[in-house]
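Worksheet for the structure shown next.
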Amino acid sequence: MSKIQEAYSLAMSDPVYDKFTGGYVNYGLWTGATKSAAEACHHLVGTLLAKLPERGRVLDVAFGKGISTKRLEERYGAENVVGINIDPNQVRIARERGVTCDLRVMDAAKPDFPNESFDAILCVESAFHFQSRARFLAEAHRMLRPNGVLVMSDILFRTGHGLDPEVFPPENQVSSVDEYRRAYGAAGFSPESVAIDVSSSQQIYALAAAVAGTFDFFRGRAPEADSQANGSQALSAAERFWASFLVSRLVNIQECVLVAARK
């Protein structure tokens with residue numbers, strides 16, 4: 001099992017986490033009116049989908065459990081959607097959840113598609129894992145057709161304190177939104193074609209509060225769950241996971257961004 005697969009194994013298999021996020025695997029887009037993490041996650045993907053063209057061939061990169069892919073299928077038709085993921089297990093889960101489009105096990109930084117294959121590329125909160133983000137952006141530019149658009153949510157990490165460098169590659173750390181924007185220029189996108197919306201980093205505090213409340217302060221399950229349900233060993237693993245998750249994100253996250261970059 002790779003470090004990425006290991007890092008996401010709990011999110012992929014824990015039914016409590018699945019309910020918490022509504023089946024998504026992202027931090028969500030929080031507003032003052034957001035009532036739950038599941039609502040925030042759904043809102044994030046909906047906001048990104050609104051930036052995509054009305055029709056065309058679409059690539060969903062690092063699709064998690066396939067909820068975003070399913071929404072793309074409903075909009076474009078399964079025949080016009082392709083999904084890639086580095087983890088075969090996530091491909092299997094997406095299939096089990098009803099995704100029928102072309103799904104492939106593939107490294108997002110080394111995609112095996114011809115030039116100008118897609119009218120749009122969607123990447124939800126994953127590029128900071130790629131080795132590297134810069135290489136992915138260059139490949140995305142290559143794969144887009146003229147006037148095609150790369151739509152992303154991304155997280156800018158200021159440091160890697162407490163983070164596994166194989167899961168959060170140090171080369172993806174940036175010092176500012178301006179430095180992040182320059183990466184798109186280096187990949188071939190013109191400066192005027194790149195729109196970056198800063199979704200306040202304050203939303204990470206809303207997520208942290210929701211995690212702490214729902215999982216009973218790192219207990220790894222809903223407060224009403226049977227205290228013996230997971231066993232002491234599994235509970236200890238969950239405690240470590242959620243404690244590490246909250247602390248590392250609060251320490252490291254500089255900003256959350258939404259991006260639309262047109263070729």
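The values are calculated or read from the model by the stated rules, or taken from the named source; none is laboratory data. Please read all numbers here as calculations on a predicted model, not as lab measurements. Note that we place each Cβ from the backbone using ideal geometry, even for glycine, and neighbour counts take in every protein chain shown. Note: accessible area is taken over every heavy atom of the protein model, side chains too, but ligands, DNA and RNA are not part of it. Shrake-Rupley method; radii C 1.70, N 1.55, O 1.52, S 1.80 Å.
Judged by the mean number of other Cβ atoms found within 10 Å, the most tightly packed of the peptides 69-81, 51-63, 181-193 leads the ranking 51-63, 69-81, 181-193. Computing Rg and the Kirkwood Rh from the Cα coordinates of the stretch 73-183 gives a ratio, Rg/Rh, of 0.98. Database remark: amide H of K51 closer than 5 angstrom to no amide H (H placed geometrically; neighbours at sequence offset of 5 or more, or on other chains; Pro and chain starts carry no H).
With distances taken between every two different alpha-carbon atoms, the stretch 49-123 has a Kirkwood hydrodynamic radius of 12.1 Å.
Ligands, DNA and RNA left out, the accessible area of the chain computed with a 1.4 Å probe is 52% carbon and sulfur. For the pair R158 and D107 in one chain, pulling the backbone fully straight at 0.36 nm per residue adds 15.9 nm over the alpha carbon distance. Annotation: per residue accessible area for the stretch 20-91 equals 37 Å², rounded to a whole number [probe 1.4 Å, protein chains only].
In the full protein context, the stretch 139-203 carries 45 Å² of accessible surface per residue, based on a 1.4 Å probe and ignoring ligands, DNA and RNA. Considering helices alone, the calculated mean residue ellipticity of the chain at 222 nm is -12500 deg cm²/dmol, with DSSP H runs of length four and up weighted by -39500 (n - 2.57) and normalised per residue. Computed packing ranks the peptides 40-46, 113-119 as 40-46, 113-119, most packed first, by mean other Cβ atoms within 10 Å. Dividing the C-alpha radius of gyration of the stretch 1-95 by 2.2 N^0.38 Å, with N its residue count, gives 1.11. Net length available on complete extension from S190 to E74 is 38.6 nm, with 0.36 nm assigned per residue and the Cα-Cα distance removed. Summing charges over all other residues whose Cβ lies under 11 Å from the Cβ of P165, with Lys and Arg as +1 and Asp and Glu as -1, gives -2. Calculated FRET efficiency, Y205 to V177, Cβ-Cβ distance, R0 = 25 Å: about 0.85 to the nearest 0.05. Taking each residue as 0.36 nm, the span from K35 to R57 lengthens on full extension beyond its C-alpha to C-alpha distance by 4.5 nm. Between 0 and 90 degrees, the angle of helix 133-143 with respect to the longest Cα principal axis of the chain falls at about 40 degrees. Nearest 5 is fine: what % of DSSP beta bridges in the chain come out antiparallel, could you say? Of all bridge pairs located within the chain, approximately 45 percent are antiparallel. Using all pairs of distinct alpha-carbon atoms, the Kirkwood hydrodynamic radius of the chain works out to 18.8 angstrom.
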